[in-house]
Amino acid sequence: PHIEMEDMVAAGMAPVDVIRAATANGAAYMRLEDRGIISAGKRADFIVLDANPLDDITNTRRIRAVYLAGVAVSN
């Protein structure tokens, strides 16, 4: 997924649009109504990064923590 997101930016998409395509739009396409955005009542699957992917999409590789259903996943 990281390479594909980098390719999307290289093709001209803004990083914010790439992240939206990979999260909210992807979940909507798959009809996963309980995920895709962070909001009350949603599943709360998310990652915490060490750097802002809006500054550089390759920062999506700098993962500090992973949460599934609001629970931290240990390494």
Among Thr58, Thr23, which is touching an Asp or Glu at 6+ places or on another chain (Cβ under 8 Å) and either among the polar types (S, T, N, Q) or modelled with pLDDT of 95 or more (or both)? Thr58
Residue that is surrounded by the most Cβ atoms within 10 Å (Cβ to Cβ), among those in region 38-49 that are without any contact (Cβ under 8 Å) to a residue 24 or more places away in the chain and closer than 20 Å to Arg61 by Cβ: Phe46
Taking region 50-69, which residues are within 13 Å of Ile19 (Cα to Cα), open to solvent by less than 80 Å² (accessible area, probe 1.4 Å) and not hydrophobic (A, V, I, L, M, F, W, C)? Asn52, Pro53, Asp56, Thr58, Asn59, Thr60
Return the residue satisfying two criteria in turn: it lies in region 16-37 and is surrounded by fewer than 13 Cβ atoms within 10 Å (Cβ to Cβ) and hydrophobic (A, V, I, L, M, F, W, C), and of such residues it is nearest to His2 (Cα to Cα). Val16
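The values are calculated or read from the model by the stated rules, or taken from the named source; none is laboratory data. Because the structure is predicted, anything quoted here is derived from the model rather than measured. We place every Cβ from the backbone using ideal geometry, glycine too, and count neighbours over all the protein chains shown. With ligands, DNA and RNA removed, areas are computed over all heavy atoms of the protein, side chains included. Shrake-Rupley method; radii C 1.70, N 1.55, O 1.52, S 1.80 Å.
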